[in-house]
Amino acid sequence: MTITLITGANKGIGFETARQLSALGHVVYIGARDVERGEKAAAALGARFVQLDVTDDASVSSALATIDSAAGRLDVLVNNAGVLGNGATDGPTALRAFDTNAVGIVRVTEAALPLLRRSSNPTVVTVSSSAGSFWAVTNPDRPEFNLPLALYSASKSAATMLTVQYAKSQPGIKFNAVEPGTTATDLTAAFGIGRAPEESARVVVRLATLGADGPTGTFQDENGEVPW
């Protein structure tokens, strides 16, 4: 039995990742800020719900304590929660983008490490973005070249760097970041772009189901490693 926690999993890529991992037999904990939406999503999948706001230390600690009490370990963590950080480019918007997209990863990962260390195959997947890749945003052939999302891009650069640094400091745990592909979600609704979330979730699921000899410290999309 594989115990899995997915943050921001009540909709979009997180929900579809939860669906696919549940189908593979994982015991999935859907982490969501909103209790009503989270419980509804969990019920739809036969998954479990934990209230989890990645910007709130007490919420994160409580969620991991719940999983610890019920399962005693965590095998897979998917850091999926994120915000676009669009609108005004100012201090409060920047703080919110980084608090969710980067600092939130630190909060959840640090709280999860003791449980992950009890797993025989601990795996962490961070849903990042090639919008945070210097290679992509400076390449006129890439869609990220014209994406006007400075705060989102910068915070996703941080998310990828955190992944690499965790992989170095925690050699017993696999840490990989993923570019799931341009996806039609609430985040991208204003741009009218993207494919179905279930397609992009397959990329996340692949990295969430790596064997013990799988890679760590990488940034990948569906075609393999991505320059960044």
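The values are calculated or read from the model by the stated rules, or taken from the named source; none is laboratory data. Because the structure is predicted, anything quoted here is derived from the model rather than measured. Glycine also receives a Cβ, built like all others from the backbone with ideal geometry; neighbour counts cover every protein chain displayed. Protein only, heavy atoms only, side chains kept; ligands, DNA and RNA dropped before computing areas. Shrake-Rupley method; radii C 1.70, N 1.55, O 1.52, S 1.80 Å.
Data table
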read-out: Within the accessible area of the chain (1.4 Å probe), percent carbon and sulfur; value: 52
read-out: Residues of the chain: accessible area per residue with a 1.4 Å probe, Å²; value: 44
read-out: Helix 197-208 axis, angle to the chain major axis (alpha carbon atoms, nearest 10°); value: 60
read-out: Cα principal axis extents for the range 96-228, largest first, Å; value: 43, 28, 26
read-out: Measure of compaction for the range 45-90 (Cα Rg per 2.2 N^0.38 Å); value: 1.48
read-out: Cα point-scatterer Debye curve for the range 21-142, base-10 log of I(q)/I(0) at q = 0.09, 0.16, 0.23 Å⁻¹; value: -0.30, -0.86, -1.39
read-out: Whether the range 1-72 is rounded, prolate or oblate, judged on the alpha carbon gyration tensor where a/c under 1.5 counts as rounded; value: oblate
read-out: Among LEU207, LEU113, LEU52, residue whose mean-square fluctuation peaks in a GNM of the chain (springs only between Cα atoms under 10 Å); value: LEU113
read-out: At R0 = 35 Å, FRET efficiency that the Cβ-Cβ distance of ALA58 and SER120 yields, to 0.05; value: 0.70
read-out: Within the chain, helix-based [θ] at 222 nm, where runs of 4 or more DSSP H residues each add -39,500 (n - 2.57), nearest 500; value: -13000 deg cm²/dmol
read-out: Nitroxide proxy distance, nm - points 7 Å out along Cα→Cβ at ALA65 and LYS168; value: 3.4
read-out: Translational diffusion of the chain, µm² s⁻¹ [Kirkwood Rh, Cα pairs; Stokes-Einstein; 37 °C; 0.692 mPa s]; value: 190
read-out: Where labels lie 7 Å past Cα in the beta-carbon direction, separation of ASP213 and ALA94 in nm; value: 4.7
read-out: Whole-Hz ³J(HN,Hα) from phi, Karplus 6.51 cos²θ - 1.76 cosθ + 1.60, for the range 135-143, glycine and proline x; value: 4, 6, 6, 9, 9, x, 7, 9, x
read-out: Phi to ³J(HN,Hα) by Karplus 6.51 cos²θ - 1.76 cosθ + 1.60 over the range 177-182, Hz, x for Gly, Pro; value: 9, 9, 9, x, x, 5
read-out: Beta bridges by DSSP in the chain, antiparallel share as percent, to the nearest 5; value: 10
